[in-house]
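Chemist: Sharing a structure below in structure tokens format, with a few things to ask.
Throughout, read-outs are computed from the coordinates displayed, never taken from laboratory work. Worth saying up front: this structure is predicted, and the values here are computed from it rather than measured. Glycine also receives a Cβ, built like all others from the backbone with ideal geometry; neighbour counts cover every protein chain displayed.
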Amino acid sequence: MRRNLIIGSSLLILAVIAGGFWAWGPAQQQVAQDNTAQAPIERTLVVYASPQCGCCGDWVTHMENNGFTTEMHRVNNINEIKKEAGLPRELASCHTAFIDDYLIEGHVPAKDVRRLLREQPEASGLSVPRMPMGSPGMEIEGRGRDAFDVILFKQNGTQSIYQSYSAQTSL
């Protein structure tokens, strides 16, 4: 009887230890993935915005906080830059950025730009049309997030949803 109790207790202890290692492994893997996601981007994100736009600077700060090096240009001809870059009018927002051969329009989250650079699809770029509340650079304390889509657009005019973000009642 005592022997069965010792064996049972030993097996229980081994199960707890094994479970701890099993749970610890994925947690450590997640930390490593998160650290990799924050690794600095070796290329410069060149941003064009009008001198009057405040949220554009907030978006640039979001990008810098997520490992991007930025170069900000305050210009009076932002619409000309969008047109010359071939941005479809319906995808326009308040600022336009370029990295590698991609155009990034509006309040696109840093993780989606990272994904674009990692996957390198045949595309002109990404856009978050208009200025959705709660998107990066458009956060207001105590205000939730509007639902919004990140649009992948191509030179031939095709567009697809690259990432969707649901509405949140509070941040």
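Chemist: Counting other C-beta atoms within 10 Å, and keeping those with at most 15, which DSSP coil trypsin sites (Lys or Arg not before Pro) do you find in segment 85-167?
Modeler: In loop regions of segment 85-167 (DSSP not H, G, I, E or B), the sparsely surrounded trypsin sites (Lys or Arg not before Pro) are Arg143, Lys154.
Chemist: Largest first and to the nearest Å, give the Cα extent of segment 39-165 along each principal axis.
Modeler: Rounded to whole Å, the extents work out to 40, 31, 31 Å.
Chemist: Here's a follow-up. Go ahead and collect, in residue order, the members of segment 107-124 whose backbone nitrogen is under 19 Å from a label point 7 Å along the Cα-Cβ direction of Ala39.
Modeler: Residues 110-121 qualify, since their backbone N sits under 19 Å from the label point.
Chemist: Let me ask something else. Using a 10 Å cut-off around each Cβ, can you sort Val128, Val75 from fewest to most neighbouring Cβ atoms?
Modeler: Starting with the residue having the fewest Cβ neighbours, the order is Val75, Val128.
Chemist: In Å, the Kirkwood hydrodynamic radius of segment 62-115 over pairs of distinct alpha carbons?
Modeler: Kirkwood radius, segment 62-115: 12.0 Å.
Chemist: Could you check the spin-label model distance between Met133 and Met72? Points 7 Å from the Cα along Cα→Cβ, value in nm.
Modeler: Rounded to a tenth, the inter-label distance reads 2.4 nm.
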